[in-house]
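Input: a single structure, listed below in structure tokens.
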Amino acid sequence: MIICTGVGPGHLDFVTRGAAEHIANANVVAGFDAVVDVVRPLIPASAQIVTMGYRDQVAQLDVVAQLHHAGKRCVVVFMGDIHFSGFQFLERVERACGHAVEAMPGISSAQVMASRGKVCFDETTFVTFHRRGNLEPFKRHLVHVLEDARNAIVIPRPWDFMPKDIAAWLLAQGIAGDHPVEVWENLTRGDAEWRGTLAECTREFTDMSIMLIRTHTPMASQIEPPPAVATTTATTTAASPKAAS
Ligand SMILES: C[S@@+](CC[C@H](N)C(=O)[O-])C[C@H]1O[C@@H](n2cnc3c(N)ncnc32)[C@H](O)[C@@H]1O
């Protein structure tokens, strides 16, 4: 048996009960070092741990696939949620196993960012650059997101497209420099690492950072007016038939 599950990001507080149960019953727990470290307290002493990094992930996933085919209960842990910037790793797991595998949702750093920044996903778009391959479609999409007056939650690409590069690129595309921006290096901390504007976003951050670019024009509330206003409006309307026509 093999199952992939999101954990964290970065802290046991965000591990779902389902993920914790799978880990507690596992014969093998595998994943990137930093992700396995988060769930280490949940791994039974009897379980085999297979850690990996970017360079040896293919070889280590082959080891996990062999254990799975030998009948071991294997759990592959992913950072946050698999469905946010995790599909390329899922593809590697499935390639190693030779078949599709079950993927359990977790809590994404994007969701924690939304909570920390108090923005709603209805009005916010997630864009990741943390992937292998051509970034151009994702870059273009980010420009459209900001042009459409939505907030953007952005995962940078550690090796070549970090917050300062993203900001410089957006400015070069004609996006206004006064968009409010915050960068969080570790979402389990109480406050943002940095706050400023797009034009001011020129400093370095570590790989574990996520960016919120706010729209200039947040959506107005579309719920009914508060009760006091509603009563006043109703009275005015009743007293003035013209206003009601
Ligand atoms: C390959 S992406 C995977 C994202 C993950 N699937 C998720 O849902 O959060 C890894 C990147 O997510 C961001 N990230 C994950 N956890 C974070 C945290 N606790 N604080 C800040 N950024 C985080 C960092 O940009 C990190 O390099």
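No value in this document is a laboratory result; all are computed from the given coordinates. In this text, all values refer to a predicted model and were calculated from it rather than measured experimentally. FYI the Cβ positions are ideal-geometry reconstructions off the backbone, even for glycines, and counts take in every protein chain you see.
Would the chain count as rounded, prolate or oblate if I go by the C-alpha gyration tensor, calling it rounded below 1.5 in a/c and otherwise prolate when a/b exceeds b/c, oblate otherwise?
Note, shape of the chain comes out prolate.
Which cross-chain or sequence-distant (5 or more) residues have an amide H under 5 Å from the amide H of PHE161, H modelled 1.01 Å from N in plane?
Correct list: empty.
Please find, in a Gaussian network model of the chain (springs between Cα atoms separated by less than 10 Å), the residue of SER109, SER221, SER46 whose mean-square fluctuation is greatest.
Highest fluctuation of the listed residues: SER221.
By its C-alpha gyration tensor, with a ≥ b ≥ c as the square roots of the eigenvalues, how is segment 96-140 shaped: rounded for a/c under 1.5, else prolate for a/b larger than b/c, else oblate?
oblate
Test of the criteria: in segment 142-198, which trypsin sites (Lys or Arg not before Pro) are in a DSSP loop and have at most 10 other Cβ atoms within 10 angstrom of their Cβ?
Of the trypsin sites (Lys or Arg not before Pro), not one in the loops of segment 142-198 has a Cβ with at most 10 other Cβ atoms within 10 Å.
Under a Cβ-only charge scheme (Lys and Arg +1, Asp and Glu -1), can you give me the dipole magnitude of the chain about the Cα centre, in debye to the nearest 20?
For the chain, the charge dipole is close to 200 debye.
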